[in-house]
Amino acid sequence: MNWNTLDNSDTIAEIKESSALQPILIFKHSTRCSISSMTLNRLQRDWNSEEMASMKAYFLDLIKNRDVSNAVATAFNVQHQSPQVLIIKDGKCVYDNSHMGISYREISQQLTNFA
């Protein structure tokens, strides 16, 4: 899985802009949480790069970048969760889920909604 790093609040504006061209996935990860680690591992194991080629994925380490995580919650009007996945399309969060609700299957289903 090819992650782009989300470690700067300025990147949020870029994500909003580029989400007009392609859906953007943001995975908010806590390195101190075993559920977050398990969810990340499951997502990476199931990820099919060919199937998800039209989606750009960002990884946010919220322990190192708590301010960025808070800015994401504010910018996309979502409650902070960890782990959490957001899908951004046309500058708005069109899907979010957290903890054990995060699944590759649901994310790929969301992607088909944009085709």
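The values are calculated or read from the model by the stated rules, or taken from the named source; none is laboratory data. Computed from a predicted model, the values in this text were never measured in an experiment. Neighbour counts are summed over all protein chains in view; Cβ atoms, including those assigned to glycine, are modelled from backbone coordinates with ideal geometry. These area figures cover heavy atoms from the full protein model, side chains too; ligands, DNA and RNA do not enter into them. Shrake-Rupley method; radii C 1.70, N 1.55, O 1.52, S 1.80 Å.
In the context of the full set of protein chains, residues of the chain present 53 Å² of accessible surface per residue (probe radius 1.4 Å, heavy atoms only). Highest mean first, the peptides 5-15, 66-76, 44-54 sorted by other C-beta atoms within 10 Å per residue fall in the order 66-76, 5-15, 44-54. For the chain, lysine pairs with C-alpha atoms less than 21 angstrom apart, excluding pairs fewer than eight positions apart on the same chain, total 10. For P(r) over Cα pairs in 10 Å bins from 0, in percent, the value computed from the atomic coordinates appears in the list (1) 15, 53, 31, 1; (2) 12, 29, 19, 21, 16, 2; (3) 11, 38, 33, 12, 4, 1, 0 under label (1). Only protein atoms count toward the accessible area here, which uses a 1.4 Å probe; on the chain, the carbon and sulfur part of that area reaches 43 percent.
For the chain, the mean residue ellipticity at 222 nm estimated from helices alone is -10500 deg cm²/dmol, where every DSSP H run of n ≥ 4 contributes -39500 (n - 2.57) and the total is divided by all residues, rounded to the nearest 500.
What the Cβ-Cβ distance of residue 32 and residue 53 gives, at R0 = 35 Å and to the nearest 0.05, is a FRET efficiency of 0.60.
About its Cα centre, the chain has a charge dipole of approximately 300 debye under the convention of +1 per Lys or Arg Cβ and -1 per Asp or Glu Cβ, with nothing else charged.
Using a cutoff of 8 angstrom between alpha carbon atoms and counting only pairs six or more residues apart, the relative contact order for the chain works out to 37 percent.
If I model segment 56-100 as equal point scatterers sitting on the Cα atoms and use the Debye formula, what is log10 I(q)/I(0) at q = 0.21 Å⁻¹? The computed values of log10 I(q)/I(0) come out as -0.69.
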